[in-house]
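Engineer: Sharing a structure with you now.
The values are calculated or read from the model by the stated rules, or taken from the named source; none is laboratory data. Keep in mind that what you see is a predicted model, and the values were worked out from it rather than measured. When we count neighbours, we look across all protein chains shown, and the Cβ atoms used for this are built from the backbone with ideal geometry, even at glycine. Ligands, DNA and RNA are stripped out before the accessible areas are found, and what is left, the full protein with its side chains, is counted by its heavy atoms. Shrake-Rupley method; radii C 1.70, N 1.55, O 1.52, S 1.80 Å.
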Amino acid sequence: MRFAIVGKKLMTPFRIFDDVVVLVEGDRISAVGNSSLLSRHKAEVVDVRDHLISPGFIDLHLHGGGGRDVMEGTPEALETIAETHARGGTTAFLATTLTAPLEQIHAALEAISRACTSEEIAGAKILGAHLEGPYLNPKQAGAQNPAYLRNPDPKELEGLLKKYPCLKRVTLAPELPGGLETGRLLRAHDVMASIGHSDATYQQILEAVEAGFSHVTHLFSATSTVKRIEAYRFAGVAEATLLLDALSTELIADGHHLPPSLIKLALRAKGTDRVCAVTDAISAAGLGPGEYELGGLPIIVESEVTSDFEAQPPAGSCVAKLADRSAFAGSVALMNQVLQTLVNLVGLPLVEAVKMVTWTPAHILGISHERGLVAPGMYADLVVLDDAFSVKMTIVEGKIVYQNL
Ligand SMILES: [Zn+2]
């Protein structure tokens, strides 16, 4: 199957083309150019001439959507999540687990393994699994269930790595006993070791980097910062991340979790090649305001923002809070809301913002040779957007999976 997408503008995302034609053959992009391509190649034309074309969005941190959660451990749940996020322009993601009893983690990984290799799952491509917990620091638990937090167990994790090759990323706190050994194990298996829900000091982060940790999970959320012990100051995870080029990171850029100032600070320190944006979305993503449940806890999804917050999030955008509104319970954003936040709230040029949800996450995960870029030979993962960041079409490996033209 060959078709040509004809659009107003393309962000590769390293440059911008006007009046562009992207030729798709099978699951790959075969050519990118102007209308002369149409006279040289016979292809069915998909006309999106009023709109922007971008690489499909890649989300390295995603728990759920459309009312379903990765922890349900069923193909139906994963499919609903994949379809829901495809409506926001996501073409590939890491299905992310939560801290839970081991049997439940096994069930989730089993389902993700099957979904990764299945041709049947509709919507966005599931790249693999991201294990978030249970090896997290109780001092930085966030919304992870403290009842199931444990010290890293390299033997146990080695069992999971051998059984589930779909495991591509693990978030853990390296300062816990067994943390560094776990980092070395992940490095040996070529799996991304990510520092998260961590109370480490700068010195401990240096040890973690030497043990193979390369990324920091949702910077400024469940990450330690400067603390004073007796007379002396100790830098924490946040400062270490900003300072060390060896570490890449991700930001929950839903317009609620982080104010523009913190996003700007991370980008000034590290640039858009080392900082990607994620949704960290939960099951209520894509459902709108209301009362829901998350892992047995009642939560509220609403658009209200505290009056002295730095900026007004995108109109109508929501966030999940614990029932007493004392803390966030997760984001309910789709990726187009993240892009909108980066451009409208933070003020990034569109092409830089697009890079943070396409090439940068692909590069961080080590898949930028096949995804995250519109160029010949790459997977035909594409999203078509209007000027207000509404998704008009999502194409995953050459198949149109969502359309709202
Ligand atoms: Zn998460």
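Engineer: Evaluated at 37 °C with a viscosity of 0.692 mPa s, what Stokes-Einstein diffusion coefficient in µm²/s does the range 57-369 have when Rh comes from the Kirkwood expression over alpha-carbon pairs?
Structural biologist: For the chosen part, D equals 171 µm²/s.
Engineer: In the chain, with Lys and Arg counted as +1 and Asp and Glu as -1 at Cβ, which of these residues, GLY33, VAL170, ILE105, has the Cα nearest the positive end of the dipole, that is, farthest along it?
Structural biologist: Of GLY33, VAL170, ILE105, it is GLY33.
Engineer: Calculate the FRET efficiency for ILE400 and GLU210 from the Cβ-Cβ distance with a Förster distance of 51 Å, rounded to the nearest 0.05. Kindly include the intermediate steps, with their values, before the conclusion.
Structural biologist: Working: r = 46 Å, r/R0 = 0.90.
With a Förster radius of 51 Å, E is 0.65.
Engineer: Which net charge results when you count Lys and Arg as +1 and Asp and Glu as -1 among the other residues whose beta-carbon is under 15 Å from that of ASP386?
Structural biologist: +2
Engineer: In the full protein assembly as shown, how much of SER331 is accessible to a 1.4 Å probe, in Å² to the nearest 10?
Structural biologist: So the heavy atoms of SER331 present about 0 Å² to solvent.
Engineer: Also, I was wondering about something else. Rounded to the nearest 10 Å², what accessible area does HIS41 have for a 1.4 Å probe in the complete protein model?
Structural biologist: Estimated to the nearest 10 Å², HIS41 gives 60 Å².
Engineer: Counting helices only, and only those DSSP H runs with n ≥ 4, report the 222 nm mean residue ellipticity of the chain as the sum of -39,500 (n - 2.57) divided by its residues, in deg cm²/dmol to the nearest 500.
Structural biologist: Working: 11 runs with 100 residues, N = 405.
Rounded to the nearest 500, it is -7000 deg cm²/dmol.
Engineer: Dipole of the range 233-381 (Lys/Arg Cβ +1, Asp/Glu Cβ -1, origin at the Cα centre): which of THR341, THR249, ILE299 lies farthest to the positive side?
Structural biologist: THR249
Engineer: If I take R0 = 30 Å and measure r between the Cβ atoms of ASN34 and GLN104 in this structure, what FRET efficiency does the formula 1/(1 + (r/R0)^6) give, to the nearest 0.05?
Structural biologist: Efficiency for this residue pair is about 0.05.
Engineer: For the chain, find the longest principal axis of its Cα atoms and tell me its angle to the long axis of helix 154-163, 0 to 90°, nearest 10.
Structural biologist: 30 degrees
Engineer: Would you mind getting the accessible area per residue of the chain, heavy atoms of the protein chains only, 1.4 Å probe, in Å²?
Structural biologist: Here the residues of the chain average 40 Å² of exposed surface.
Engineer: Heads up, I need the accessible area for VAL45: 1.4 angstrom probe, whole protein in place, Å², nearest 10.
Structural biologist: The value for VAL45 is about 70 Å².
Engineer: Looking only at PRO138, PRO314, PRO349, which one moves most when the chain is put into a Gaussian network model with springs between Cα atoms under 10 Å?
Structural biologist: It is PRO349.
Engineer: Given 0.36 nm per residue, what is the gain on full extension from SER303 to GLU119 after removing their alpha carbon distance, in nm?
Structural biologist: Full extension of this stretch gives 62.6 nm more.
Engineer: Residue by residue through the range 322-327, which ³J(HN,Hα) values in whole Hz follow from phi under the Karplus form 6.51 cos²θ - 1.76 cosθ + 1.60 (θ = phi - 60°), with glycine and proline marked x?
Structural biologist: Along the range 322-327, the couplings run 4, 4, 8, 6, 7, 7 Hz.
Engineer: Working from Cα positions, state the angle (0 to 90°, nearest 10) between the long axis of helix 75-86 and the longest principal axis of the chain.
Structural biologist: 60 degrees
Engineer: Next question, about the same structure. Kindly list the residues of the range 288-321 that lie in the label zone of ASN145, defined by a backbone N under 19 Å from the point 7 Å along the Cα-to-C-beta vector.
Structural biologist: Correct set: 292-300, 321.
Engineer: Mind checking the angle between helix 260-270 and the chain's longest principal axis? C-alpha axes, 0 to 90 degrees, to the nearest 10.
Structural biologist: Around 90 degrees separate the two axes.
Engineer: Sticking with this structure for a sec: Based only on Cα atoms, what mean projected area does the convex hull of the range 315-375 have, in nm²?
Structural biologist: 5.6 nm²
Engineer: Using the Karplus curve 6.51 cos²θ - 1.76 cosθ + 1.60 with θ = phi - 60°, what ³J(HN,Hα) values do you get for each residue of the range 212-229, in whole Hz, with x for Gly and Pro?
Structural biologist: x, 6, 10, 9, 10, 6, 4, 3, 6, 10, 6, 10, 5, 9, 3, 9, 10, 10
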